[in-house]
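Asks: Here you go, one structure.
Each value in this text was obtained by applying a stated rule to the coordinates, not by laboratory testing. Please read all numbers here as calculations on a predicted model, not as lab measurements. Cβ sites come from the backbone with ideal geometry, for glycine too, and all protein chains shown count toward neighbours.
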Protein chains: 2
Amino acid sequence: MDQVEIFKALSNKTRLQILAWLKEPELNFPGQLEHTNFQDGVCVGQIQQKSGLTQSTVSEYLALLQRAGLVESKRKGQWTYYKRNEAAFEKLSQLILSNV
Amino acid sequence: MDQVEIFKALSNKTRLQILAWLKEPELNFPGQLEHTNFQDGVCVGQIQQKSGLTQSTVSEYLALLQRAGLVESKRKGQWTYYKRNEAAFEKLSQLILSNV
DNA sequence: TTGGTATATCGGAAAATTCCGATATATCTT
DNA sequence: AAGATATATCGGAATTTTCCGATATACCAA
């Protein structure tokens with residue numbers, strides 16, 4: 001758990017927004033077919049549309065969030081689904097009280 | 001409470017280190033005379049010595065931490081004492097669970 | 001195999017951050 | 001007032017981050 005890497009990942013308005021959206025996928029990504037059940041999260045294209053940034057930027061942002069451990073991804077066919085890693089946020093919350 | 005500003009302030013190893021040192025001033029800054037009682041925190045020079053960075057850099061880092069609300073300062077004569085704003089860390093810890 | 005769709009990676013211009021040395025300001029002492 | 005000490009601010013070189021367009025890769029469908 002690299003603290004600086006995590007805080008850098010959180011130091012961007014769009015990335016914070018993506019993380020917030022991923023808290024309620026059903027609400028924030030109605031465009032994604034429900035049969036996916038949002039079990040594995042939301043695919044890159046949905047997030048890209050909503051963010052208004054380019055595909056490459058969003059893909060890189062998600063990879064960056066994943067390297068920091070804040071999200072997890074799962075490839076399914078041609079789609080990559082991303083979802084929050086809630087345990088990481090709980091750890092981070094604790095860490096701020098105990099270590100920072 | 002500007003989230004991005006806070007996370008940016010925390011995205012630096014030296015600044016995290018300074019915040020950690022300020023948790024136990026008596027232990028980490030024995031050079032500072034005890035009559036100050038560390039009531040108002042630690043002065044810039046002590047932090048500068050310990051960090052190994054230049055005076056200007058440390059002064060700017062402390063100002064940056066203050067703008068983010070993570071530390072408070074008190075001028076006393078020619079010294080400026082900095083101490084942690086513990087309430088800010090508690091808020092941040094909560095915020096990570098509820099908003100991020 | 002060919003073309004279409006979803007995502008990842010590359011190369012780079014512009015903006016922000018890091019950290020420095022020089023200098024300015026504030027306060028204390030004599 | 002003059003010099004010493006503590007801190008703040010300024011200007012800038014080097015590095016990192018932001019975000020893009022172009023291109024590569026992976027998978028699917030006909």
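Asks: Gaussian network model of chain B, Cα springs within a sub-10 Å range: biggest mean-square fluctuation belongs to which of B:Q78, B:Q48, B:Q32?
Replies: B:Q78
Asks: Moving on. What spacing in nm lies between the two simple spin-label points modelled at B:L64 and B:N12, each 7 Å away from Cα in the Cβ direction?
Replies: Each label point is offset 7 Å from its Cα along the Cβ direction, giving 0.2 nm.
Asks: Moving to a separate point now. Using the 7 Å Cα-to-Cβ label point, sort the distances from B:T54 to its equivalents in the other copies shortest first and give them in nm to one decimal.
Replies: 3.7
Asks: Report, for A:A87, each distance to the same residue's label point in the other copies, shortest first and in nm; define the point 7 Å along Cα→Cβ.
Replies: 3.6
Asks: Give me the extension gain from B:E86 to B:K23: residue separation times 0.36 nm, minus the current Cα-Cα distance, reported in nm with one decimal. Each step should come with its number before you reach the end.
Replies: Working: separation 63, 0.36 × 63 = 22.68 nm, distance 0.93 nm.
Computed gain between B:E86 and B:K23 is 21.7 nm.
Asks: Separate question: Compute the FRET efficiency between A:Q49 and B:L53 as 1/(1 + (r/R0)^6), taking r as their Cβ-Cβ distance and R0 = 35 Å, and round to the nearest 0.05. Could you put the intermediate results ahead of the total?
Replies: Working: r = 44 Å, r/R0 = 1.26.
Plugging the Cβ-Cβ distance into 1/(1 + (r/R0)^6) gives 0.20.
Asks: Could you check which residue among A:F38, A:F89, A:F29 shows the biggest mean-square fluctuation in a GNM of chain A with a 10 Å Cα cutoff?
Replies: Result for chain A, Cα springs under 10 Å: A:F89 fluctuates most.
Asks: Mind checking which of B:S11, B:A87, B:F29 is farthest towards the positive end of chain B's charge dipole, using Cβ charges of +1 (Lys, Arg) and -1 (Asp, Glu) about the Cα centre?
Replies: Value: B:S11.
Asks: If you place +1 on the Cβ of every Lys and Arg and -1 on the Cβ of every Asp and Glu, how big does the dipole about the Cα centre of the stretch B:3-98 come out, in debye to the nearest 20? Walk me through the numbers on the way to the answer.
Replies: On the way: 12 positive and 9 negative charges, 46 e Å.
For the stretch B:3-98, the charge dipole is close to 220 debye.
Asks: Separate question: Placing the label point 7 Å from Cα along the Cα-to-Cβ direction, what are the distances from B:D2 to the equivalent spots in the other copies, shortest first, in nm to one decimal?
Replies: Label-point distances to the other copies, shortest first: 2.6 nm.
Asks: Give the lysines whose C-alpha is closer than 24 Å to that of A:K8, dropping any in the same chain fewer than 8 places away, or say none.
Replies: Straight-line reach from A:K8, under 24 Å: A:K23, A:K50, A:K74, A:K83, A:K91, B:K8, B:K13, B:K23, B:K83, B:K91.
Asks: With no solvent and one equal point scatterer placed on each C-alpha of the stretch B:3-98, evaluate the Debye formula and give log10 I(q)/I(0) for q = 0.25 Å⁻¹, two decimals.
Replies: Once normalised to I(0) and log-transformed, intensities are -1.45.
Asks: Quick one: dipole size for the stretch A:1-52, taken about the Cα centre, charges +1 on Lys/Arg Cβ and -1 on Asp/Glu Cβ, in debye to the nearest 20.
Replies: Details: 5 positive and 6 negative charges, 59 e Å.
Here the stretch A:1-52 has a charge dipole of around 280 debye.
Asks: Measuring from label point to label point, each 7 Å out along Cα→Cβ, what is the A:N99 to B:L97 span in nm?
Replies: For the pair A:N99/B:L97, the computed spacing is 1.9 nm.
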